[in-house]
1. Using modelled amide H (1.01 Å from N, peptide plane; none on Pro or chain starts), what sits under 5 Å from the amide H of C233, excluding residues fewer than 5 places away?
2. Within a 10 angstrom radius of the beta carbon, how do D154, D31 rank from fewest other beta carbons to most?
3. What full-extension length gain, to one decimal in nm, is calculated for R247 and T182 as 0.36 nm per residue of separation minus the Cα-Cα distance?
4. With a 10 Å radius around each residue's Cβ, average the other Cβ atoms per peptide and rank 95-104, 21-30, highest first.
5. For an R0 of 41 angstrom, estimate the FRET efficiency from the Cβ-Cβ distance between K110 and H198 and round to the nearest 0.05.
6. List, in order, the whole-Hz ³J(HN,Hα) value for each residue of region 182-189 obtained from phi through the Karplus relation with A = 6.51, B = -1.76, C = 1.60 and θ = phi - 60°; use x for Gly and Pro.
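Bear in mind that the values in this text are calculations on the coordinates, not laboratory data. Small disclaimer: the values here were computed from a predicted structure and weren't measured. Positions of Cβ are generated from backbone atoms using ideal geometry, with glycine treated the same way; all protein chains shown enter the neighbour counts.
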Amino acid sequence: MEPYHVKLQGFEGPLDLLLHLVQQAEVDLYDIPVAEITAQYMKYIRAMRQLELDVASEYLVMASTLLAIKSKMLLPKPDLYDEQFVDEEWLEEDPREELAEQLVLYRKYKEASQHLKEKEMERAKLYSKSPTDVDIDVSETEQMNDPLDVSMTDLIQAFQRMNQRIRFEKPREATMQAEEWTIEEKMNTIVSRISEVHTRVSFQETFTNGPVNEQVTTFIALLQLMKDGRVSCYQDDNFSDIYIERRIV
């Protein structure tokens, strides 16, 4: 039996609620006002209980996480004398970093999900027709298979496989960098790469071995290019590599 997810005012899960509160406060994800956000988050938890809703355990775990971060933020910092005996990494550690990283990734996946929903709605308006048989007098050696269209499911599965491979090959880093990539920049990078080779590029070649948030940004950029009709994705055969090429308008 699948777990029951509490849904309050359109929020699904603690990260969705927390992201809404941070965006409502109009602050940077890497500089979250923990005390203010924690107070607002706890109000939602109390409201759910007042409505006699069963609060999912994941909401309570997030509440505990916020309270723990808030407590760490209230701890006094060591003075100059004490700093000589304190680990330098501990002094530079921000207790909000791990939570901020989760919110950044969740926001990007949420944007990608919205793109996929839009593509699904557009595809639902189309009607597919089987190709008409046409007799062509060509030898068997000259016959070539038509490229196969790639669905959104194929792209997502390919991205998940590639992302999992990168995660195992690259060691997990303790430090976190601020966002340095935009969707528009990645769109230009993909188009430039295709122009350089004058033909097509493989799906895997489009992604670098960078951080996960860079991979997600590149994936969203690819979806946007497909939505705009600037590129198309296809396979030569089932289960073969996915290729990206520019569409001629």
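1. V150
2. Working: D154 18, D31 11.
Ascending Cβ contact count within 10 Å gives the list D31, D154.
3. Numbers: separation 65, 0.36 × 65 = 23.40 nm, distance 2.26 nm.
Contour length minus the Cα-Cα distance gives 21.1 nm.
4. The most tightly packed comes first, giving 95-104, 21-30.
5. The formula returns an efficiency of 0.70 here.
6. 10, 4, 5, 4, 5, 4, 5, 5
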